[in-house]
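Asks: Provided herewith is a single structure, encoded as structure tokens, for subsequent inquiry.
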């Protein structure tokens, strides 16, 4: 059996998806370990998955909390610049420390989040087989398609897409410089973008093909495996909701759960509609803020809700556009209201709008606008997309992903996908 190293950005949602895949490989007899800065171990819940702490000098105590604060509030040029430098610092730390750690722990192969290019770079430098996972929207680039961090739809002027790529790459210059310097040190072909460090064996994506924009340029070893999840608990929480009254579930994810003002506008809109509201703030609100939300319209306010249950119990889900929440909601067939905040969330929202799976509002939308949109979603039939439903039923999740990895590792050859690109719609 093999020892797999998991490499991902030190954020809860990315660790959760990679941990679910790692858990499936452990069930098959393999050994799996995350490699990252010491404080990132907090995101592990499956103790079967190992953790190797590296970068003690570069990432002293408190550094992860600082990074999380920067990720949670990237608005403004100065904050965004600091965040990008932080990303480059983390990538540089991994590139510096991974080779020795991988050798000491006798790693056989690497499974690398697309969003952390250090994984692919180090795998090439160490001549280890590696596999890429798109926990967020795929970063594979195609002419005529917007980058996943952009809010654009399809059919716009090509110059808009080209210009946005140039701006994006200019902003990401600190990371690009880090990658170029590392390529030079390790004798690798010069490359500077994360999209240039993807696996030649298998690229796995949580995003179903029929949820993404139509693509024609994906590599043959790209596989849309769907949500990477462990088996969800079937237990229902002991919360009291009034039968026959609509229920709205609002979650802004682990990084944006501190946004009290947005939750407050949602709560006021639900009160005007006489709708029940379940808020999951992921630990982002204090006791006073939670009590205030209940006063102005929320029915239940909690840190975490069982998402698999919540998206099925609700009549409408309000999300920031985090891919995990959107995928779970789409799987449940529940209408979505997406209010994107940062990163790939505007891109997820654009895809929800394109496939008519819900509505999109600005994160600054008024109480009246939120209420009007919720009313429309409650009055409409639940969204249905037969092609997407069929793909979700067949994509295979962690079981399919693990099988693809095992097959490619055993053969040493790319794992060719049977998926075909989505037709242009």
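Asks: Scan segment 323-349 residue by residue and report those that are assigned to a helix (DSSP H, G or I) and under 22 Å from residue 80 (Cα atoms).
Replies: Result: 323, 345, 346, 347, 348, 349.
Asks: From the list 92, 101, 17, pick out the single residue that is in contact (Cβ under 8 Å) with a residue 40 or more places away in the chain, more than 20 Å from residue 135 (Cβ to Cβ), part of a helix (DSSP H, G or I) and touching a strand residue (DSSP E or B) at 6+ places or on another chain (Cβ under 9 Å).
Replies: Sole residue among the options that is in contact (Cβ under 8 Å) with a residue 40 or more places away in the chain, more than 20 Å from residue 135 (Cβ to Cβ), part of a helix (DSSP H, G or I) and touching a strand residue (DSSP E or B) at 6+ places or on another chain (Cβ under 9 Å): 101.
Asks: Another one. Could you tell me which of the residues 106, 79, 70 is farther than 26 Å from residue 213 by Cα and assigned to a loop (DSSP other than H, G, I, E, B)?
Replies: Testing whether each residue is farther than 26 Å from residue 213 by Cα and assigned to a loop (DSSP other than H, G, I, E, B) leaves just 106.
Asks: Among the numbered criteria (1) farther than 23 Å from residue 403 by Cα; (2) surrounded by 24 or more Cβ atoms within 10 Å (Cβ to Cβ), which one does residue 133 miss?
Replies: That leaves (1) as the condition not met.
Asks: Only one of 212, 177, 169 is within 22 Å of residue 327 (Cα to Cα), in contact with a helix residue (DSSP H, G or I) (Cβ under 8 Å, 6 or more places away or on another chain) and not assigned by TED's automatic domain parsing to the domain that holds residue 351. Can you tell me which?
Replies: Step by step, each of 212, 177, 169 is checked, and only 212 is within 22 Å of residue 327 (Cα to Cα), in contact with a helix residue (DSSP H, G or I) (Cβ under 8 Å, 6 or more places away or on another chain) and not assigned by TED's automatic domain parsing to the domain that holds residue 351.
Asks: Any idea which residue in segment 348-367 is surrounded by the fewest Cβ atoms within 10 Å (Cβ to Cβ), counting only those that are farther than 17 Å from residue 388 by Cβ and touching a residue at least 60 places away in the same chain (Cβ under 8 Å)?
Replies: Restricting to residues being farther than 17 Å from residue 388 by Cβ and touching a residue at least 60 places away in the same chain (Cβ under 8 Å), the top hit is 366.
Asks: What is the one condition in (1) modelled with pLDDT of 95 or more; (2) more than 19 Å from the chain's Cα centre (by Cα); (3) under 22 Å from residue 87 (Cα atoms) that residue 171 does not satisfy?
Replies: The failed condition is (1).
Asks: Turning to a different aspect of this structure: Could you please give the count of residues in segment 245-283 that are in contact with a strand residue (DSSP E or B) (Cβ under 9 Å, 6 or more places away or on another chain) and in a helix (DSSP H, G or I)?
Replies: Number satisfying all stated conditions: 9.
Asks: Yes or no: residue 164 outside any loop (DSSP other than H, G, I, E, B) and under 28 Å from residue 359 (Cβ atoms)?
Replies: yes
Asks: Do we have any residue at all in segment 379-400 that's surrounded by 12 or more Cβ atoms within 10 Å (Cβ to Cβ), touching a helix residue (DSSP H, G or I) at 6+ places or on another chain (Cβ under 6 Å) and at pLDDT below 95?
Replies: Yes: one or more hits.
Asks: Here's something else I'd like to know. Go through the residues of segment 154-165 one by one and say whether even a single one is modelled with pLDDT under 95, under 30 Å from residue 22 (Cα atoms) and either out of contact with any strand residue (DSSP E or B) (no Cβ under 7 Å at 6 or more places or on another chain) or not assigned by TED's automatic domain parsing to the domain that holds residue 402 (or both).
Replies: So far as segment 154-165 goes, no, none of its residues is modelled with pLDDT under 95, under 30 Å from residue 22 (Cα atoms) and either out of contact with any strand residue (DSSP E or B) (no Cβ under 7 Å at 6 or more places or on another chain) or not assigned by TED's automatic domain parsing to the domain that holds residue 402 (or both).
The values are calculated or read from the model by the stated rules, or taken from the named source; none is laboratory data. Just so it is clear, the model here is predicted, and its values are computed rather than measured. Cβ atoms come from the backbone with ideal geometry, glycine included; neighbour counts cover every protein chain shown.
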